Amino acid sequence: MKVAVVGSGIVGATCAYYLSKENVELTVFDYGVGQATKASAGIISPWFSKRRNKPWYKMARLGADFYLKLVEDLQKDGFSTDFYKQSGVYLLRKDDSKLEELLEIAENRKELSPMIGDLKIISLEEAKLSIPNFNNNGRVLFASGGARIEGERFVNSLLNASKARVIREKVAIELENDKYKIKGETFDKVIIAVGAWAKDILAPLGYAVDVRPQKGQLRDYRITDKNSGNYPVIMPEGELDIIPFEDGIISVGATHENNMGFDLTIDKAKLDDFGLEAQSFLQSLSAAAIINERVGIRAYTSDFSPFYGEILNSNGLYVASGLGSSGLTTGPLIGYELVNIVMNKKTILNVDDYPVSRYIKKL
Ligand SMILES: Cc1cc2nc3c(=O)[nH]c(=O)nc-3n(C[C@H](O)[C@H](O)[C@H](O)COP(=O)(O)OP(=O)(O)OC[C@H]3O[C@@H](n4cnc5c(N)ncnc54)[C@H](O)[C@@H]3O)c2cc1C
């Protein structure tokens, strides 16, 4: 069976890795420009969310758990998994008396998600033991199981492990005699993992698609403390997150900009504001060098829910999109599920909870 994966962000790269374990002839097409995954430095810590959407929460908590399987599978195959680390997270509230409520939510979720790890509210002094330059106006909720991932390294590692043929081009899908063709080559099944570009690729095939773009930017700094890889992720209230990596690298972000279309220009003023706010939590950032600025486009549906599965009556088109701002958490599980569907295997989630037909309609 010949399978094409179009788009190789976190979803497409995971599809490629798990498809490479099946008896299929695999080709990956990826343009890469504006990719959300490689722009992201991300946090895997869904357990404190107050979103009421139950199918979403189930996907997010199982998505966090899924990293353990993915890491184990890659390590068994002899590949590095240093894109992922359970470094723990510090959750901050402007009013730290709100932390007890947050702790209770997480304690209640621990039974289904033991991966949360140790949960405790700690003083500023205790918090400084793990991050020497940390500052805050109150206590901190620590969850030892929270993790951070580096999106670009994730994708490169999985594509490398898949050994797939990768064609780095923007492609179109054509339908000819009931068969799907890409660059003149016919495929039995096509997985569309193009994130925010779902409308772009499906409209020419006669589909209406409920997916819109949202611009996200972040900035990477380098501080002098080389031990930063052991810092927990700092999550103040609001948009700002401070995500530490090895060797003094600290990512600060991320913006959530609607109505900007697919604009990929860096807005330094916005990133400066984030940087300034971040200094109040991690003081070493005030003397840090700026080493990189990134921009990517997230995909949202009108009800903020992700979807994945086969497109109704398409005879071989599979799709996932709408992962929004939690796609690093849900993306690998969605990729794995798509492969299960393509290969007619049992899925982990109930696919009817994330119906493609709600967001993609034949015109
Ligand atoms: C700055 C930022 C920070 C984020 N932080 C977090 C976080 O902390 N935690 C979290 O869980 N999530 C986070 N996210 C969200 C997460 O990164 C995304 O939801 C996720 O990466 C989306 O993955 P995807 O595979 O669906 O799409 P993408 O990663 O966007 O990949 C789609 C790929 O398809 C390619 N493509 C499109 N059209 C075509 C075509 N016609 N032909 C070939 N290729 C094509 C694109 O070029 C791209 O490479 C963040 C996002 C951003 C931008």
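Here, each number is a calculation from the coordinates, and none is a lab measurement. Computed from a prediction, not measured in an experiment: that's the story for all the values here. Don't worry about glycine lacking a Cβ; one is built from the backbone with ideal geometry, like all the others, and counts go over all protein chains shown.
Summary table
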| read-out | value |
| --- | --- |
| Coil-residue chymotrypsin sites (Phe, Trp or Tyr not before Pro) of region 285-337, DSSP, other Cβ within 10 Å capped at 16 | Phe304 |
| Largest to smallest principal axis extent of the C-alpha atoms in region 30-82, angstrom | 38, 31, 17 |
| Over region 84-233 - Rg/Rh using Cα atoms and the Kirkwood inverse-distance radius | 1.13 |
| Those trypsin sites (Lys or Arg not before Pro) in region 137-190 that DSSP places in a loop and that have at most 13 other beta carbons within 10 Å | Lys163, Arg168, Lys183 |
| Along each principal axis, Cα extent of the chain, largest first, Å | 68, 43, 41 |
| At 1.567 mPa s and 4 °C, Stokes diffusion of region 148-295 via Kirkwood alpha-carbon radius, µm² per second | 71 |
| Sequence-separation-based contact order of region 299-363, relative, with Cα cut under 8 Å and 6+ spacing, percent | 37 |
| Bins of 5 Å from zero: percent of alpha-carbon pairs in region 231-363 | 2, 8, 16, 17, 14, 12, 11, 9, 7, 4, 1, 0 |
| Chymotrypsin sites (Phe, Trp or Tyr not before Pro) within region 239-298, DSSP loop, no more than 16 other Cβ atoms inside 10 Å | Phe262 |
| Longest segment of the chain lacking GluC sites (Glu not before Pro) that sit in a DSSP loop with at most 11 other Cβ atoms within 10 Å | 238-363 |
| Separation of alpha-carbon centers, region 18-80 and region 291-356, rounded to whole Å | 10 |
| At least 18 Å along the helix axis (C-alpha) and Kyte average at least 0.0, DSSP helices within the chain | 327-342 |
| Net +/- balance of residues flanking Gly316 in space, Cβ distance below 15 Å, scoring K and R +1, D and E -1 | -2 |
| Burial ordering of Met235, Met59, Met260, Met1, fewest other beta-carbon atoms within 10 Å first | Met1, Met260, Met235, Met59 |
| Contact order relative to length of the chain, as percent, for alpha carbon pairs under 8 angstrom and 6 or more apart | 24 |
| Cα centre as origin, Lys/Arg/Asp/Glu Cβ charges: region 55-118 dipole, Debye | 200 |
| Assigned charges on the beta-carbon of Lys, Arg, Asp, Glu; region 111-249 dipole about Cα centre (debye) | 380 |
| Local electrostatic count at Ala60 - Lys and Arg +1, Asp and Glu -1, tallied over other residues with Cβ under 14 Å | +4 |
| Rounded to the nearest 20 debye, dipole of the chain from Cβ charges on Lys, Arg, Asp, Glu | 620 |
| Residue (of Gly324, Leu349, Asn258) at the positive-pole extreme of region 205-363, dipole from beta-carbon charges | Leu349 |
